[in-house]
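Down below is the structure, laid out as structure tokens.
The values are calculated or read from the model by the stated rules, or taken from the named source; none is laboratory data. Keep in mind the model is a prediction, meaning the values are calculated, not measured. Every residue, glycine among them, receives a Cβ derived from its backbone with ideal geometry; neighbour counts consider all protein chains shown. These accessible areas exclude ligands, DNA and RNA; they are computed on the full protein's heavy atoms, side chains included. Shrake-Rupley method; radii C 1.70, N 1.55, O 1.52, S 1.80 Å.
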Amino acid sequence: MSCLIVMSQKELHRLELIQRIRGGSLSVVEAAELLRLSRSQVHRLLRAYDLAGGDGLVSKKRGRPSNRRHSEDFRNLVLDLVREHYVDFGPTLAAEKLIERHRVSVSKETLRQWMMEAGLWLSRRERKKRVFQPRRRRDCLGELVQIDGSLHWWFEGRGRKCALLVYIDDATGKLLHLRFAASENTFDYLHATKAYLQQWGKPIAFYSDKHGVFRSTHASEKDRTSGLTQFGRALYELNIDIICANTPQAKGRVERANQTLQDRLVKELRLRGIDTIAAANAYAPEFMADFNRRFGKAPRNPKDMHRPVAAHENLDGAMCRKEVRKLSNSLTLRYDKVMFILDPTDRAAALAGKKVVVCDYPDGRLEITDGQATLPYRTFDTLRSVHRPDVVENKRLDDMLSIVAELQAGREQQRSKAGPRRTGQTDHMFGIRDGSQGNGYQKRGTKPGRKTDFTQDPVVIAKRRQALAQLKAAE
């Protein structure tokens, strides 16, 4: 008759060593050193294992009440005192008053659990939700623009799930810009903000949540631009402030607009048969005009607070990802696992050993500049596809290389983890051709429905056995 034995990781480790002792592959002294026990304790474990098997190594305290627990009479006494005198007290204050006035000592955490079980205290999750006072709209158009991304099935079952970047004016409730994107990412926000600024001008401030695009969570103490993301740095160069809301309720204007869009816009896209991001972006201006006509409010002050982009401000140069790199003496630098080799001009030669700026644009352009002029360059991609050579019989090296090639067949090369995610960038130079495909490897495409367990595939098992046999032969 089989039974279930519940053991901890520590007890499983003890069981393994005890079985090794009985199997003759481990001595008692070695086991005592591994378990950090005395020899007498190891002999005690051996006797328990011989009498009851693995069950003899399980702690006898498991499933039993603690020997240090309070009695039921004491628990009822404490709860009666709390009900009579401290029904509206918190656990910490109630524990203090119990010992001061009644000479009854109980831990505040124990009292908290007892009060929660008796219904005298609610945890933070069970408490009533906070009440947020309504905030008045701003007075002028362009004084405060709320931005947010809404990840939703905008095309329902006709297309993939994507995000909608929403720019809504706080004073009027009008949609100022919409952009569909694959996800909330820096490049799409830079692209959308650039289009917004070209149409409307610069607002006083943007109001957003604490998404990683807007707010850095890993600020450096040595960097004077600490706390600024790439998006925040771009706004700083254009003299635009960004304010991060602490709660979703604080930016309720855009949150409620997202709910309306998830209802109305989804149905409008369905009626028009739109199922791609490009087609949806083309339809967005028409929808915004109708939305603003229906739901837009007149501002209390007719003044438009949008400011034009100044002549000395470079809108295109600000709306990009910028990284500082030090130029080597050989006029080279590395960015996202690509080596950039500057042409040996007089300006480039004078910058050897100095810092330059790499400008990575949302449209895929990449420029290297010293702050005044763009430096021409050539590239060398350090991620190269390695093709498998033909296997020559009776050659140990080729056998090993063939095994390595099979192990690397499904491995994809990746760029730097610290580099940007290029979901919202188009036509860039950082695409990687998978070397395994050049070796004849065909990827198994993801199909709808339940995934196939290829670990049970006879073809896969046979290839694995063949590779292991070649490995043993080579060794």
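Test residue 167 against the stated conditions and say whether it is at pLDDT 95 or above and part of a strand (DSSP E or B).
So residue 167 passes the test.
From the list 34, 51, 57, pick out the single residue that is crowded, with 16+ Cβ neighbours inside 10 Å and farther than 27 Å from residue 106 by Cα.
Unique residue meeting the criteria: 57.
For the stretch 346-367, which positions are open to solvent by less than 20 Å² (accessible area, probe 1.4 Å) and in contact with a Cys (Cβ under 9 Å, 6 or more places away or on another chain)?
Within the stretch 346-367, 359, 360, 361, 362, 366 qualify.
Using the structure shown, decide if residue 348 is under 21 Å from residue 330 (Cα atoms), at pLDDT 60 or above and in a helix (DSSP H, G or I).
yes
Just the residues that are free of Cβ contacts under 8 Å to residues at least 60 places away in the same chain and open to solvent by less than 40 Å² (accessible area, probe 1.4 Å), please, taken from the stretch 190-202.
192, 195, 196
Please enumerate the residues belonging to the stretch 151-163 that are touching an Asp or Glu at 6+ places or on another chain (Cβ under 9 Å), in contact (Cβ under 8 Å) with a residue 60 or more places away in the chain and not in a loop (DSSP other than H, G, I, E, B).
Matches in the stretch 151-163: 156, 158.
State the number of residues belonging to the stretch 37-70 that are at pLDDT 80 or above, within 23 Å of residue 9 (Cβ to Cβ) and of a type in the set (Gly, Ala, Ser).
Number of matching residues: 4.
Output the qualifying pairs, or none if there are none: Cβ atoms under 8 angstrom, residues six or more apart or on different chains, first residue in the stretch 206-234 and under 9 Å from residue 244 (Cα atoms), second residue at pLDDT below 70.
Qualifying pairs under 8 Å: 215/227.
Could you go through the stretch 331-340 and let me know if any residue there is hydroxyl-bearing (Ser, Thr, Tyr) and under 34 Å from the mean Cα position of the chain (by Cα).
Yes: one or more hits.
Between a residue in the stretch 262-286 that is closer than 20 Å to residue 183 by Cα and any residue that is of a type in the set (Gly, Ala, Ser) and part of a helix (DSSP H, G or I), which pairs come within a Cβ distance under 8 Å, given they are 6 or more apart or on different chains?
269/280; 274/280
So the check is Cβ under 6 Å with 6+ separation or different chains; which pairs have a first residue in the stretch 237-248 that's assigned to a helix (DSSP H, G or I) and a second one that's modelled with pLDDT of 90 or more?
Short answer, once both residue conditions are applied: 237/318; 248/255.
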